[in-house]
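The values are calculated or read from the model by the stated rules, or taken from the named source; none is laboratory data. Please read all numbers here as calculations on a predicted model, not as lab measurements. Note: accessible area is taken over every heavy atom of the protein model, side chains too, but ligands, DNA and RNA are not part of it. Shrake-Rupley method; radii C 1.70, N 1.55, O 1.52, S 1.80 Å.
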Amino acid sequence: MIKLKVDDRTVEVREGATVLEAADLAGARVPRFCYHKCLSASGSCRLCAVEIEGTNEPVISCREPAREGMVVRTQSELARGARADALEFILRNHPLDCPVCDRSGECDLQDYYFSESLRPSRLKDPKVRKAKAQRIGPHVILDSERCVL
């Protein structure tokens with residue numbers, strides 16, 4: 001077992017666990033889109049950024065292995081700024097059709113925007129429109145405007 005600190009809470013995780021798993025165990029709220037415990041971590045959404053003591057840039061917690069003695073900050077200015085920047089780019093081409101969206105107000109993106117960012121986009125170019133409802137398998141339909149990847 002590995003001991004590390006997450007937001008001043010000491011947690012113990014199994015060898016091979018990620019910083020995101022340690023944060024979850026510590027009760028820290030770290031947003032994520034592309035992570036699922038049953039899939040390999042791609043880190044493509046960049047939304048699970050945290051600060052790790054000894055580094056001078058944000059770290060993607062879903063791909064970072066937990067190490068003995070590590071000190072992780074999930075709510076530091078560096079971590080929150082990195083998440084706000086990631087949200088700005090995710091929202092860059094996301095359609096603004098919340099009233100008619102099939103998520104009916106149960107939207108993690110909307111929740112994350114209100115909890116992590118609340119800043120207007122600095123980007124001025126028009127949004128890119130992508131294909132809707134593409135069948136990519138017998139049980140999967142891809143909505144490219146909604147997919148983080």
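Things to note:
- Accessible surface computed residue by residue for segment 1-115, with neighbouring protein chains in place and a 1.4 Å probe, gives 56 Å² per residue.
- Amide H contacts under 5 Å for Val6: Val11, Val72, restricted to partners 5 or more places along the chain or on a different chain, H placed in the peptide plane at 1.01 Å from N.
- Here the Karplus curve 6.51 cos²θ - 1.76 cosθ + 1.60, taken at θ = phi - 60°, turns the phi angles of segment 25-33 into couplings of 4, 7, x, 7, 8, 10, x, 7, 10 Hz, with x standing for Gly and Pro.
- Remark: the chain is approximated by an ellipsoid whose semi-axes, taken from the C-alpha gyration tensor as √(5λ), come to 31, 19, 13 Å, largest first.
- As a fraction of the 1.4 Å probe accessible area of segment 1-48, surface on carbon and sulfur atoms comes out at 49 percent.
- The average projected area of segment 1-75, computed from the convex hull of its Cα atoms over all directions, is 4.5 nm².
- The chain: relative contact order in percent, alpha carbon pairs under 8 Å with at least 6 residues between: 21
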